[in-house]
Every structure is written in C-alpha cells, then in structure tokens.
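Beneath this line is the structure, given in structure tokens, with notes to follow.
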Amino acid sequence: EEMRRAAEAEVNLMHQLKDYYNIVQYYDFEFNDWQEDGSFGTDLLIRMDLLGNLSARMKKEGVTQPEIVKIGIDICTALEACAEHNIIHRDIKPDNIFSNGRQYLLGDFGISKIIENGMGTQTNKGTAHYAAPEQFGFRQSDVRTDVYGLGKTFLSLLNASENDDSQIST
C-alpha cells in the first residue's frame, strides 16, 4: 500500500509539470493487481513516451561536447520548472536524463519532494555518486541539491570514468 501511494504521488507530481517540454511526460496510469502460481502483486502501468536514457547512450555511442552543452541547457530549463513548483528532484544523474532525439528531458521523479513554505527537506535518499552531501548528512536539501547532482553529471560526462574510456566522443 505504501509503494502504491508513493507511485501515485510521483505520477501526480509529474502531472503538475506536464506543460514543460524538458520534463518526461506521463499521460496516465493505472494499477494492475495480479495473482499467479501462488504469487501476487501490483504493477504500476504508466503511459508515457518511450525514451532512451543518457547512461545507455553514453555506453553505446558517447556524447559530444556540444551535446553536453545542450544537455546542460535543457536540464537547467527542467530544473527551473521544478523550482517554479517548489520541487526538488534529488536524483539528477545520467540514468534520469532522457532524449527524444531533439531535446533532453528530466525524468524519474520517484524520490522528489515538494518544498513547502520555502523550507528544505531532510532525507537520506538519492544515488550516492551523484547526491549532494546534505542528502546523506540529514541536513536540509533545497534546489542546490539538484545543482550539485547536475554538476556531478557534467563531471561524469566530461571525464572518462575509470571503468569506461568511451564516454566522450569528439
């Protein structure tokens, strides 16, 4: 039941951002309860655009420096939309940046939070490699948390990782 509420909250949050072109669009959703061979569960079915993420693209073909600039512009536009709605994404990373071939879009708002009354949020959620220190130090996160995650994303795009020297193509 808690997972159902969390999934529904994410879809409702995405609905608030439906008019912004640099955010992945969710059109509608439904829960599908199932039972089979003594197992049971609930699947969340979301109707949305089918997009590839930046991580997969980096591994497959790399990303050029001009594309990195485009990613920065597009994702900063998405973060401006989030700020207008007092939303902190809290998980900016290549896995959550998508492309439709024309632009880059921010998606996966599963651990996002709405900031109420201008106050930050306290949590220890996020992907450790991209998360701002305050996300794991139990201090309040705010919009700077997403700026930090975007900076770490740029760092991973601009510098070949120790495990994969093919991330950047020129």
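The values are calculated or read from the model by the stated rules, or taken from the named source; none is laboratory data. Quantities reported herein were computed from a predicted structural model and do not represent experimental measurements. Every residue, glycine among them, receives a Cβ derived from its backbone with ideal geometry; neighbour counts consider all protein chains shown. Surface accessibility is based on the protein's heavy atoms, side chains included, excluding ligands, DNA and RNA. Shrake-Rupley method; radii C 1.70, N 1.55, O 1.52, S 1.80 Å.
Taking Lys and Arg as +1 and Asp and Glu as -1, the other residues whose beta-carbon sits under 13 Å from that of LEU17 total -4. Each residue of the stretch 85-95 was assigned a 3J(HN,Hα) from its phi angle through the Karplus expression (A = 6.51, B = -1.76, C = 1.60, θ = phi - 60°), giving 9, 6, 10, 9, 5, 6, 8, 6, 6, x, 5 Hz with x at Gly and Pro.
For LEU51, no residue whose modelled amide H falls within less than 5 Å of its own remains once neighbours fewer than 5 places apart on the same chain are excluded.
Measuring with a 1.4 angstrom probe and ignoring ligands and nucleic acids, ILE23 comes out at about 0 Å² accessible. Pairs exceeding 18 Å between alpha-carbon atoms, taken from LYS18/LYS59; LYS70/LYS152; LYS18/LYS70; LYS59/LYS93: LYS18/LYS59; LYS18/LYS70. Local charge for ILE68 was computed over the other residues whose Cβ lies under 14 Å away, with Lys and Arg +1 and Asp and Glu -1, and equals 0. Accessible area per residue for the stretch 1-100, computed on protein heavy atoms with a 1.4 Å probe, is 60 Å².
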